[in-house]
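One structure is given below, encoded as structure tokens.
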Amino acid sequence: MTSNPRPLVAGNWKMHGLLASIGEIEAVAAGYDAELRARAELVVCPPATLLALARPIAADVGLGGQDCHDEESGAHTGDISARMLADAGATYVIVGHSERRAAYGESDALVRAKAEAASRAGLTPIVCVGETRFDREAGRAVEIVGRQVDGSVPWSAPPERLVIAYEPVWAIGTGLTPTPRDVADMHGAIRARLETGFGAGNGGATRILYGGSVKPANAAELLRAPDVDGALVGGASLKAADFLGIAGAYR
Ligand code: PGA
């Protein structure tokens, strides 16, 4: 259980989306009716190039970035700061996605520094963690994810201004998902770490999302699992109808 009022369904567009894709955000906003607004918070994380354009049409749909630098400004060609994302209309930012951990060797310490930078800029970081297939088959999933949580979470941030996304690497973009039981077990283990890190009674304020091949067809089953406070959706967030279909699990 979480003490946060609403679960969060966040869409991670990754490196997809041109100007013409703004219409999908408009369609999400149009389908985000009063009933759904009362039951779930919706956020879209498009490429940073679209944030400022999306802002006036996103209405009650929140916006997020997909990564940020750990410094506020400076000589970092090609990078983007949390403050720039906030300035463009974001209120969230994904940090430590497994694709960045793998492609750029991002360590837990760097992910934490990025999450802290996000908090300083007034953004809520969505800190991603998740085990590889190798880790799971070796029976080390809980241990690996626990270590990532310990090392990546910005413990100085208020727990309610933090989101964790549990995304098993082997489930991302593959159509494979853990069983709801496995998801519940992992979220329970993450919750226990949060209770230890933030102090007993405080870990419940952090929302823990499940991510990896969430689709309209499996959303209800995965999102109903204990300790699941929402979803981080990749491929199925690119089409408004699918994204709204997933969020519709909360209706
Ligand atoms: P997927 O991606 O929904 O396409 O599996 C999830 C993610 O990487 O955040």
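Summary of the geometry: the stretch 183-251 and the stretch 77-93, compared by the centres of their Cα atoms, lie 24 Å apart.
Would you mind calculating the gained length between Ala34 and Leu53 on full extension (0.36 nm times residue separation, minus the Cα-Cα distance), in nm to one decimal? Walk me through the numbers on the way to the answer.
On the way: separation 19, 0.36 × 19 = 6.84 nm, distance 2.39 nm.
Full-extension gain reported as 4.5 nm.
Around the Cα centre of the chain, unit charges on the Cβ atoms of Lys, Arg, Asp and Glu (plus for the first two, minus for the last two) sum to a dipole of about 280 debye. The distance between label points at Ala27 and Ala217 comes to 2.0 nm (points 7 Å beyond Cα on the Cα→Cβ vector).
Only DSSP H runs of four or more residues enter the estimate; each adds -39500 (n - 2.57), and after division by the residues of the chain the mean residue ellipticity at 222 nm equals -11000 deg cm²/dmol. Positive contributions from Lys and Arg (+1) and negative ones from Asp and Glu (-1), summed over other residues with Cβ under 11 Å from the Cβ of Ser98, come out at -2. Across all C-alpha atoms in the stretch 1-95, the radius of gyration and Dmax reach 14.0, 46 Å. Kirkwood-type hydrodynamic radius, the stretch 94-229: 14.8 Å, calculated from all non-identical alpha-carbon pairs.
Per residue, how much accessible area does the stretch 3-94 show when a 1.4 Å probe rolls over the protein heavy atoms, in square angstrom? Ligands and nucleic acids excluded, the result is 48 Å² per residue. Residues His187, His76, His69, sorted by accessible area with the largest first, give His76, His69, His187 [1.4 Å probe; ligands and nucleic acids excluded]. Net charge near His76, counting Lys/Arg +1 and Asp/Glu -1 over other residues with Cβ under 14 Å of its Cβ? Its environment carries a net charge of -3. Please compute the Kirkwood hydrodynamic radius over the chain, one decimal place, Å, based on all pairs of different Cα atoms. Radius from the Kirkwood sum: 17.8 Å.
The values are calculated or read from the model by the stated rules, or taken from the named source; none is laboratory data. Since this is a predicted model, take the numbers as computed values, not measurements. For neighbour counting, all protein chains shown are included, and Cβ atoms are generated from backbone atoms with ideal geometry for every residue, glycine included. Note: accessible area is taken over every heavy atom of the protein model, side chains too, but ligands, DNA and RNA are not part of it. Shrake-Rupley method; radii C 1.70, N 1.55, O 1.52, S 1.80 Å.
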